[in-house]
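Here's the structure, in structure tokens; my notes come after.
The values are calculated or read from the model by the stated rules, or taken from the named source; none is laboratory data. If you're wondering where the values come from, they're calculated on a predicted model, not measured in any experiment. Heads up, the Cβs are rebuilt from the backbone with ideal geometry, glycines too, and the neighbour counts pull from every protein chain shown.
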Amino acid sequence: MGLKFERNPAPVWFRPLIPLLAIVLTFAITTTLVLLVNANPLQAYYYFLVEPLSSRVSVIEVLVKSTPLLLTGAAVTFAFVGGFWNIGAEGQLLAGATAATAIGLQMDGVSPLIALPLMIIGGFAAGMAWVLIPALMRVKLAIDEVVTTLLLNSVALLGVSALLNGPWRDPVSQWPQSPEIAASAMFPKLIPRSRLHLGFILAIIIIVIMWFVLSRTAFGLRMRAVGMSPHAARFAGIKVEQTLLISALVSGGIAGLAGVSEVAGIHFHLIDAISGGNGYTGIIVATLGGLNPWGAGLAALFIGVIDTGSQSVSRALGVPVYLGDVILATLLLVTLAMLLLQRYRIRWVRQP
Amino acid sequence: MNDLLSTTFLVGLIAATLRVATPLVFGTVGEVITERAGILNLGIEGIMFLGAFVGFAAAAKAEAAGMAGYLWIGLGAATVSGLLMALLMGLLTVTLGLNQHVSGLGITLLATALSLFGFRLVFGESSVLPSIDPFPQLTPFGDAPVIGPIFTQYLLTFVAFLVVVPVGWWLLYRTNFGLNLRSVGENPEAADAAGINVFRTRYLALAIGAALMASGGAFLSLASLGAFSPGIIAGRGWVCIALVIFARWDPVRGMLGALLFGGVFALQLRLQTLGFALPYEVLLALPYLVTIAALAIAGRNVAYPGAYLKPYRRE
Amino acid sequence: MTTPPPAVEMRGITKRFGSLVANDRVDFTLDRGQIHALLGENGAGKTTLMRILYGLYHADAGDISVGGQSAVIRSPRDAIALRIGMVTQHFALVPPLTVTENVVLGHNQGVRLKLEDAHRRVSEAAERYGVDVQPRALVKDLSVGERQRVEILKALYRDARVLILDEPTAVLVPQEVEQLFDALRRLRDDGLSVVFISHKLREVMSITDRVTVLRGGQLAGSVQTSETTPAEMARMMVGRTTFGMPSLDEASSTQPAARAVLRLDGVTAVDNKGLPALKGITLDVYGGEIMGLAGVSGNGQSELAQVLEGTRLCTTGTITVAGQDVSGADPDRIMKAGVGRIPEDRHASVVPEMTVAQNMALEHLGEYTSNGSLNRRQMRAHAEKLIAEYQIKARPDDRIRTLSGGNMQKVILARVMERNPKVIIVSQPTRGLDIGATEYVRSRLLEQRQRGAAILLISEDLDEILELSDRVAVIYEGEIQGILPRTEADPERLGLLMAGAKDSPQWA
């Protein structure tokens, strides 16, 4: 007995339903955990999904939470579409955050008109630099990028920690954190007295540009061809290695921007926990978004809702806040499994 | 400098090295066995974490209930939690043939989140970290000079070096199952043609590997710390992923890599306490950097298992 | 004294794949201690018949008996139990393992792997059967010939008394062929029965006792090797009653241009394993001419096509297109030089997940870009134009994956021909297509010839070559064995050239 996979593409109308079905299934699975803490599942879902959208303050908080996810989700989407399995958005984010801090610390008395572009360019470049070695190893030596990008995440974290315990240690703070960046290097607030900042706009712009590049330019089409079938792409005269390298570097740069945005928009210091796993969550965003820029945007917003919701559900019902993380991880695995339905019809057969 | 060369210092360093290397030996051998069957299990970080949590929680509950063998109950529970994760990973990557790296990361995220959720569930939000009376250290050589203190170690450390590594090696190279496992990881089509059940073999490899990973995590909470904290694994799983490549998919070389890393780690801790100001993070980054450099140098000659990352589907 | 029953007897075997009848009521008898050639062109049904015997396929009709006993063979396991072994063209070996480990794999019992024991038993078996291999060697260090011996040893280790070898010499160098033949003779003298699937007449003459010839899935004849000649076998293999019928309209055929448009001079290349695949190909193709390249598969056709498509580098030699040197050029430069490419593997030359319009434009996206963005309306209009012109049953937004083989081929054809290439490299253009699509593709190729393109047509379908070509070149083991004008290219002569015989009168 076993499963039999028959190549049988799902009808077009079914595709957008896959993430929705995955969400429903995920909530069904995780209901067991809600019941475990003797909470009412319906109430829990209310706090998860509705409460975060019910007030202006919490909606803004959702957008704040989504900001880094929009960027890491876009980064991972871009790489995966181009056929580069970048698992290293976490490290690239940290590299971007570090560069932003380094620049931000030097920006005293510099006009924001100069400081902000410098922060953005510096963070993008640092993210690119952090993915450069795995990208070159893949393109020149055919060494799988999954492990190399993954291992560099740990290296980046150690690097940040070395800076915070060494040269950047803020003498007045008891926690390892860097001194505060210059005021001119801080992202302006979009709404006064909220935490929503320029990074959100930056993320939206990146998503729009990415959509344009992927679906409206020759480069985007070539990149997708390389990602989907490198062999046919080479046959069609596309420079496969060069295209892969660009996908990888741009992806790293976008992930770097997520780091810039967190430093310049939220924390103003570099801290160990600057990412909080947003690089890894980017993989969930990209997968749930079906490797589509708009999809990734929606997925990041949705995960922002879940993130915010997990706090309100914890406050209201005493459900541990980590339920949100459980839901997201489950959602990743369920979506991944359901994407199979896009390409295959799966039947249970008895082996002859 | 005299401090550094004193016998006490060296003995302490060697003893600490063995202790630090223990969870890495469990994890690395587990990952070697899994990857030799053709599956990269990036769930390792989460499975070690889950093992540490489940082991601790079960032991704490059993201890509170006054059971004598509470530590063994903890270890057993940790192993079972590893097996469950192996089953899930198998379902995703073997049965459904999904992307191994995304599935593995998903397992890590899920196992980590479940552990943290469970920790809150079981122990609440107290400000004092709960703790248990951990495994005692064994002293097979008593107070004998040098070897006495060096081999004052936890039982699981002895198990790691004297059982897990040799048995892991024997399993891979000296049993029929090991031969089947390696052939499945190298050329599943050929293995299938020879009548080997590719799916069952891969599930078994995942199970053995994850049981070892979870035990490695449980070593930290049940033996060396006697407590559980969110930072308990702190990337040790990723170190194992690096060590497996560094060891070119061999359990014995994996043990040597774990010892090397354990030594560096123990040394930096000691140097720090002696007041040496050095960026210890640089030392901790070594296993990753060395592995990446080794990959770059070996270049196209890296001997990945032939079916690495490739799902197998019968035509 | 009664004669012992034959080792294997197959009666009335029929096997269909969809509408294709691969075996049509085939009878086959293998005697004990006999080396029996199963001869035929590609697609004649030889391998299918033997895969049925080995349990890899199931016959739709017919009976099999082994050693006089009626047998039901559902899987290779059943076949092995009946002491039948098969060495396929793709070896089922695990390269990093030793010879011994490969031989005992899946055939080992108990927990412990008793390696010393196994080494001893494997070297005993190797000695007994005169198969020369080192039990402790790693398979990845072995040559192809040695690997084949390991495969044979695997079958013998499982006590096979019937050994099926599927095109065993295709992967061997001549010296290894001799060693293989020596081993096979020893096995025969030991009482084993061997089925030798081949299309190489010379080898069949030298090693086999009996020959069964299949043609188009049917039995064409079965004779003692000593009582036949290569010419007779070639006739049985090719066996056309209506060959040489000129279907080209002679009157409309244009005079070939004086200058060769496509010139190959001493082109060499290696295959994926790094072994020489092309050993100095020199060939001129003139404008307004179709040059057919005939040959048994695996003689370098694919590699030659890839070199000309720009997806494989040539190691030495020069290729010029209308005077322009394109040796070692990538696909982009090759296309710019005026080469149109219709490759063997349709699915690998289009992006299946992309739409018809995207695939039609993919090679020349620069032409659809204005102000930095793709002009999708232009892409779509272009696709609509080609769809109408080439009668493709698809919409511009359909994903290529959803198209039938014929329509997919038309997309590729349209993509090439709309650019009026100077040279067209076309491989197996009608493989797997139905009659309508086949006719369509062929007529389009003739149109291009008419227009003045130099066309190199690589095909394993001899009918196709004869129907379309002005001249026919035959490739054998990476070399051009001979070039014949169509009027002199009769199937028999081509068959002999394809089988490796030099075009000498005594064989004609």
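Observations
- Taking the stretch B:291-306 as the range and being surrounded by fewer than 17 Cβ atoms within 10 Å (Cβ to Cβ) and more than 7 Å from chain A (Cβ to nearest Cβ) as the test, the residues that pass are B:A293, B:A294, B:I297, B:A298, B:N301, B:A303.
- Failed item, numbered, when A:G259 is tested on (1) within 12 Å of another protein chain (Cβ to nearest Cβ); (2) within 18 Å of the chain's Cα centre (by Cα): (1)
- Residues (more than 7 Å from chain C (Cβ to nearest Cβ) and closer than 21 Å to C:G328 by Cβ) located in the stretch A:204-232: A:P230
- Residue within the stretch C:20-31 that is farther than 24 Å from C:Q218 by Cα, at pLDDT below 95 and out of contact with any Ser or Thr (no Cβ under 9 Å at 6 or more places or on another chain) present: no
- Test: B:V252 is at pLDDT 95 or above, of a type in the set (V, I, T) and assigned to a helix (DSSP H, G or I): yes
- Qualifying residue in the stretch C:95-103 (condition: touching a residue at least 60 places away in the same chain (Cβ under 8 Å), in a helix (DSSP H, G or I) and surrounded by 14 or more Cβ atoms within 10 Å (Cβ to Cβ)): no
- Index of the failed condition, B:L42 passing every other in (1) part of a helix (DSSP H, G or I); (2) surrounded by 24 or more Cβ atoms within 10 Å (Cβ to Cβ): (1)
- Selected residue [modelled with pLDDT of 95 or more and not small (G, A, S)] from A:V321, A:V260: A:V260
- Pair list, Cβ under 9 Å, 6 or more apart: the stretch C:468-480 residue touching a residue at least 60 places away in the same chain (Cβ under 8 Å), other residue basic (K, R) and outside any helix (DSSP H, G or I): C:E477/C:K279; C:G478/C:K279; C:E479/C:K279
- Matching entry among B:I33, B:I44 (being closer than 30 Å to B:Y173 by Cβ, in contact with a Cys (Cβ under 8 Å, 6 or more places away or on another chain) and either free of Cβ contacts under 8 Å to residues at least 40 places away in the same chain or of a type in the set (A, V, I, L, M) (or both)): B:I44
- In the stretch B:93-111, residue nearest to the chain's Cα centre (by Cα) [restricted to those that are within 8 Å of chain A (Cβ to nearest Cβ) and over 17 Å from A:V326 (Cα atoms)]: B:H101
- When the residues of the stretch A:51-85 are filtered to those that are polar (S, T, N, Q) and at pLDDT 95 or above, the one that is surrounded by the fewest Cβ atoms within 10 Å (Cβ to Cβ) is A:S66.
- Boolean, C:V441 is in contact with a helix residue (DSSP H, G or I) (Cβ under 7 Å, 6 or more places away or on another chain), not in a loop (DSSP other than H, G, I, E, B) and not acidic (D, E): yes
- Qualifying residue in the stretch B:307-314 (condition: under 30 Å from B:A190 (Cα atoms), at the interface with chain A (Cβ under 10 Å from one of its Cβ atoms) and outside any loop (DSSP other than H, G, I, E, B)): no
- Of the criteria (1) polar (S, T, N, Q); (2) at pLDDT 95 or above; (3) surrounded by fewer than 22 Cβ atoms within 10 Å (Cβ to Cβ), which one A:T330 fails: (3)
Residue-wise test of (1) closer than 30 Å to A:T148 by Cβ; (2) assigned to a helix (DSSP H, G or I); (3) not polar (S, T, N, Q).
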| site | (1), (2), (3) |
| --- | --- |
| A:L69 | yes, yes, yes |
| A:T77 | yes, yes, no |
| A:G83 | yes, no, yes |
| A:N86 | yes, no, no |
| A:L93 | yes, yes, yes |
| A:G96 | yes, yes, yes |
| A:G109 | no, no, yes |
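- When the stretch A:312-327 is limited to residues that are of a type in the set (A, V, I, L, M) and more than 9 Å from chain B (Cβ to nearest Cβ), the one that is surrounded by the fewest Cβ atoms within 10 Å (Cβ to Cβ) turns out to be A:A316.
- Selection from the stretch B:145-176 of residues that are over 22 Å from the mean Cα position of the chain (by Cα), in a helix (DSSP H, G or I) and within 14 Å of another protein chain (Cβ to nearest Cβ): B:R174, B:N176
- Test for A:I283: is it facing another protein chain (nearest Cβ under 10 Å), more than 30 Å from C:S349 (Cα to Cα) and either assigned to a strand (DSSP E or B) or in contact (Cβ under 8 Å) with a residue 24 or more places away in the chain (or both): yes
- Selection of first residues in the stretch C:361-373 that are assigned by TED's automatic domain parsing to the domain that holds C:I387 and of second residues that are among the charged types (D, E, K, R), restricted to Cβ pairs under 7 Å at least 6 apart or on distinct chains, gives the following pairs, ordered by first then second residue: C:E363/C:R415; C:L365/A:R222; C:S373/A:R216.
- Taken as a whole, the stretch B:123-139 holds no residue that is more than 14 Å from every other protein chain (Cβ to nearest Cβ), surrounded by 13 or more Cβ atoms within 10 Å (Cβ to Cβ) and on the phi > 0 side of the Ramachandran plot.
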